[in-house]
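Asks: One structure, pasted below without further comment.
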Amino acid sequence: MVDQVLIQTLMHAGRPLVTLTMAALALFSVYSLAVIGERWWTFRRCRLASAGLLRRVLESVDQGHLPEALLLCERKEGGHVGQVLAAGLRELQPLASKNPGLHADAAFDRATASAREVMQRVTGAEIGRLEHRLTSLATLGNISPFVGLFGTVIGVMRAFEAISRTGSGGLGTVSAGIAEALVATAAGLFVAIPAVTAYNHFVSRVKAYAVEMDGAASEFLTRVQRTAVAAQNGRTLRTDG
């Protein structure tokens, strides 16, 4: 009894439900395209701002010019690598200001350990920034076909309702409902395909950028330690001489 009442209600409310479904899919499409455009621009800024930055920072570190290296990172706004390296440089900055250059000692070891932890936290924060709104994009990609399928079912039900009302199964009777069903299906796929494709692309870029940030942090600390040891050895040789 309840099922029959529900079916009758859906049949009589067919056109408004199809209209509501299409409106929802239109909103999904606009939001999905806006997220895709915003994320594309963000990832493009990250790529351009981080290109060649690590090499220039390491050159400054080799020369013991930590303030210059930090300035290079701060100039590259929006870059993921610059944010990570800047965090590490800020931890080492007090050490360099007291004693120009870097020298291996207990204070240096504490500073590098602190820099490693800070860069790990910043890397996590940058990954979160890069993943912003990607969950909603994945959600739209997953649910849009089902929303379109709902419109498809309602359209088919309207076709059957027209047959029951007129007693005829001709093309003119069912064409309106079938057309609505097919349009709803196409609209659901129109939203889902770009959303899923863009989501997969952005997730792969996030993974690549995460590896890049980890590699930059590791290479930066290695270069800093190597520079400090070389400076310490040079100072020892001068003292012995």
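The values are calculated or read from the model by the stated rules, or taken from the named source; none is laboratory data. Predicted model, so just to flag it, every value in this text is computed and none were measured. A quick note on method: Cβ atoms are made from the backbone with ideal geometry, for glycine too, and the neighbour counts reach across all protein chains shown.
Asks: hydroxyl-bearing (Ser, Thr, Tyr), within 35 Å of the chain's Cα centre (by Cα) and either modelled with pLDDT of 90 or more or under 30 Å from ARG39 (Cα atoms) (or both) - does that describe any residue in region 177-194?
Replies: yes
Asks: To continue, here is another question. Cβ-Cβ below 8 Å, separation at least six or inter-chain, first residue in region 199-214 and modelled with pLDDT of 95 or more, second among the small types (Gly, Ala, Ser): which pairs?
Replies: Taking only residues 6 or more apart or on different chains, the pairs are TYR199/ALA138; TYR199/GLY141; GLU212/SER50.
Asks: Given GLY52, GLY37, GLY64, which one is free of Cβ contacts under 8 Å to residues at least 60 places away in the same chain and at positive phi?
Replies: Answer to the check: GLY52.
Asks: Please verify whether GLU74 is in a helix (DSSP H, G or I), modelled with pLDDT under 90 and under 23 Å from ALA208 (Cα atoms), treating the condition exactly as stated.
Replies: In short, yes.
Asks: Counting just the residues of region 117-151 that are of a type outside the set (Gly, Ala, Ser) and in contact with a Gly (Cβ under 8 Å, 6 or more places away or on another chain), which one comes out farthest from LEU33 (Cα to Cα)?
Replies: VAL118
Asks: Please work out which one of (1) modelled with pLDDT of 85 or more; (2) loosely packed, with under 12 Cβ neighbours inside 10 Å is the condition ALA106 fails and give its number.
Replies: (1)
Asks: If I ask for residues that are surrounded by 13 or more Cβ atoms within 10 Å (Cβ to Cβ) and either at pLDDT below 75 or not small (Gly, Ala, Ser) (or both), which ones from region 20-39 would you list?
Replies: LEU20, THR21, MET22, LEU25, PHE28, TYR31, LEU33, VAL35, ILE36, ARG39
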